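Taking it in order: structure first as structure tokens, then the write-up.
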Amino acid sequence: MKLWKSLLLAVSLFGLAGCAHHIEYGGKCLTCINDPITGDPVNYDPEKIGNKPVPSNDVSKTVRDTSTKTETGTVVLSSPVNVDSAFAAIKPEFGFQSPEEIRRQYGTTSEWIFLSAEYGYDVNPGAYYMMRRTLNHVSDGVTYRDVVIECHIQKEGSGSKITMTWWKDGILNGKAFTDSLLRRTEKVLQR
């Protein structure tokens, strides 16, 4: 039964694409079809539709600009604050979210966030915490937008060792950002 429904849907959509009324978006025909070998129109008259169809192999909008530099930096500090208290201070300060918090906020679309390389969360209370997320970082009146920050907090004696690594595509004053990240982390651990 599913096969018949799928076949009927495909035939209907193909039939609609051949109708005299074509769907256009941004000045481009979305339902016009060209022969992939010859490039000749299949279901439209180019004299009646003045614009060209969207090419099916147009990847110009999906290719990443490789000339953009990715900047990175790392902050490492030791703190007398125990690992659990450091986690409790850093997590809300930077806006890191657990998987449960993400699910509550984004619902079913949260699964896309979990698949992203820009999200990570691993918790082993009393020993280790890892949080990663694309965040905005505000320091000294400057807002740094869409920076991926990964924070590792691990037990070090009775205190903790915090390692924060960041990366961002594009131009960013890396030294200033790293310094502000260090100051903000030290400040939240002193509260």
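The values are calculated or read from the model by the stated rules, or taken from the named source; none is laboratory data. Since this is a predicted model, take the numbers as computed values, not measurements. Methodologically, a virtual Cβ is constructed for each residue, glycine included, from the backbone with ideal geometry; neighbour enumeration extends over all protein chains shown. For accessibility, only protein heavy atoms count, side chains too; no ligands or nucleic acids. Shrake-Rupley method; radii C 1.70, N 1.55, O 1.52, S 1.80 Å.
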I'd like to verify a number: residues in region 86-130 that are without any contact (Cβ under 8 Å) to a residue 24 or more places away in the chain and not in a loop (DSSP other than H, G, I, E, B), how many? 22
Give the residues of region 181-191 that are open to solvent by 30 Å² or more (accessible area, probe 1.4 Å) and touching a residue at least 60 places away in the same chain (Cβ under 8 Å), sorted by residue number. LEU182, ARG184, GLU186, ARG191
Tell me, please, whether a residue that is assigned to a strand (DSSP E or B), among the small types (Gly, Ala, Ser), modelled with pLDDT of 95 or more and within 23 Å of ASP179 (Cβ to Cβ) can be found in region 133-143. no
With the requirement that a residue be over 19 Å from HIS152 (Cα atoms) and either in contact with a strand residue (DSSP E or B) (Cβ under 9 Å, 6 or more places away or on another chain) or open to solvent by less than 80 Å² (accessible area, probe 1.4 Å) (or both), what does region 102-120 give you? ILE102, GLY107, THR109, SER110, ILE113
For region 160-175, which residues satisfy the criterion of being in contact with a helix residue (DSSP H, G or I) (Cβ under 8 Å, 6 or more places away or on another chain) and among the small types (Gly, Ala, Ser)? SER160
Would you check if MET164 is in a strand (DSSP E or B) and touching a residue at least 40 places away in the same chain (Cβ under 8 Å)? yes
Within region 121-180, restricting attention to residues that are in contact with a Gly (Cβ under 9 Å, 6 or more places away or on another chain) and of a type in the set (Phe, Trp, Tyr), which residue is surrounded by the fewest Cβ atoms within 10 Å (Cβ to Cβ)? TRP167
Residue list for region 116-148, restricted to those being β-branched (Val, Ile, Thr) and under 13 Å from the mean Cα position of the chain (by Cα): THR134, VAL147, VAL148
Is one or more of the residues making up region 21-32 modelled with pLDDT under 60 and aromatic (Phe, Trp, Tyr)? yes
Against the definition (in contact with a strand residue (DSSP E or B) (Cβ under 8 Å, 6 or more places away or on another chain), among the acidic types (Asp, Glu) and either at pLDDT below 95 or closer than 25 Å to GLU156 by Cα (or both)), how does ASP40 come out, yes or no? yes
